[in-house]
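Working notes, structure below.
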Amino acid sequence: MYKIAVIPGDGIGTEVINSGVEVLKALSKVETNLPIEFTEFDWGSDYYRKHGIMMPEEGVEELKNFNSIYFGSAGDPEVPDHITLWGLRLKICQGLDQYANLRPVRLLPGIGSPLKDVDETDIDWAFIRENSEGEYSGIGGRSHKGYSHDTAMDITLFTKQGVERIQRFAFEIARSRPRKLLTLVTKSNAQRHGMVMWDEIFEEISEDYKDVTTDKMLVDAMTTRMVLDPKSIDTVVASNLHADILTDLAAALSGSMGIAPTANLDPDRRHPSMFEPIHGSAFDIMGKGIANPIGSYWSAVMMLENLGELKAAQKLMSAIEKLTSDNKFLPRDLGGQSSTKQVTKAMIDIISGKNH
Ligand code: ATP
């Protein structure tokens, strides 16, 4: 029995995760030997309004009892962003040392890209984002608030161990992919301490991965390459901030923010990993029933892969690809007319082998 902690969170997070759970339940019914038990947690901004915290203090400890965490999003118009982010998602990622953030990016069949003349073979990338330190270390301070000399400082922290472990993970992912090509993205011309260390460690580690071809890009040049020469890219590793920005661009280039999944992984398997769509709470469409739930399905694929359920993962991915290529039940952000409920039903029908 797989024990999954479900944290729908805020905004459209609840809508897409509820849809994902329904789809996983349908999959669990048709697959032999895929028993899943879901336990839902009401953590998020409503919880914050009642208790003054986004999740209980002992919450991270509680999550250690699960095999995986299935997460929606955190964000609310009435609660400052740094509270929603640090109080829930980052608290879990850091508390469970989920140091590797993996984001596959593919142009799915039937989905158009804003780029001209690209097809499914042009965009097939794996982004690896450092997820535990760097620009989002949380170290820093503020002083003289309210005065003209108000001062703020955010410290970027790179540790040799932190950089090494994420780069090794990236080399392993690159090695597992057919092209075996890994691009290191930094800004080591301007950020001349930490990013230079990234370059040095990359050189060292590449000695252990002679079968992986490597190259390096500065982050600004990488944005151009993604737009102008997407086919030249395979696996990419970058710091917390740089990869955060690049992967939003990647999601847009592959069709919509609503499709892209992500996994916050503990590759050392000490603790459960967390799977979520990359989009946020999207207040502009919340409660309207039109959120695209595909990112939550693809996140569930990553969760099943992480659990070693490769056949079930493949079945779910094939169902997503059938949904997008059929083109009959697409949500609005992908140019269709279907509501979240209709997309959910279409997915469940595909999984259970019912024809439309
Ligand atoms: P964050 O919580 O990271 O601040 P956000 O709530 O501002 O994010 P994003 O997730 O960055 O919003 O998405 C930007 C916009 O893209 C949303 O306002 C919404 O219009 C659209 N969008 C994002 N995800 C989806 C989705 N699943 N379905 C439909 N539209 C989406």
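The values are calculated or read from the model by the stated rules, or taken from the named source; none is laboratory data. This is a predicted model, so every value here is computed, not measured. Neighbour counts run over all protein chains shown; Cβ positions are idealised from the backbone, glycine included. The accessibility values were calculated without ligands, DNA or RNA, using every heavy atom of the protein model including side chains. Shrake-Rupley method; radii C 1.70, N 1.55, O 1.52, S 1.80 Å.
Can you tell me which residue is surrounded by the most Cβ atoms within 10 Å (Cβ to Cβ) among those in the stretch 249-269 that are under 12 Å from the mean Cα position of the chain (by Cα) and near the ligand (Cβ under 7 Å from one of its atoms)?
Initially, the stretch 249-269 is screened for residues under 12 Å from the mean Cα position of the chain (by Cα), giving 250-251, 257-265.
Those left that are additionally near the ligand (Cβ under 7 Å from one of its atoms): 257-258.
On the way: MET257: 17, GLY258: 24.
Across the stretch 249-269, the extreme among qualifying residues is GLY258.
Considering only strands (runs of 3 or more DSSP E) fully contained in the stretch 15-114, which possess at least 2 residues that are surrounded by fewer than 16 Cβ atoms within 10 Å (Cβ to Cβ)?
The qualifying strands (runs of 3 or more DSSP E) are 36-40.
Residues of the stretch 303-320 being among the charged types (D, E, K, R) and open to solvent by less than 50 Å² (accessible area, probe 1.4 Å), which ones?
GLU309
Considering only the stretch 123-134, I want to know if a residue exists there that is of a type outside the set (Gly, Ala, Ser), in a strand (DSSP E or B), in contact (Cβ under 8 Å) with a residue 40 or more places away in the chain and over 16 Å from LEU241 (Cβ atoms).
The answer is yes; a qualifying residue exists.
Of the residues THR14, THR84, only one is within 16 Å of the ligand (Cβ to nearest atom) and in contact with a Pro (Cβ under 6 Å, 6 or more places away or on another chain); which?
Only one candidate passes the filter, namely THR14.
If you scan the stretch 270-315, which residues turn out to be aromatic (Phe, Trp, Tyr) and within 14 Å of the ligand (Cβ to nearest atom)?
The answer is PHE283, TYR297, TRP298.
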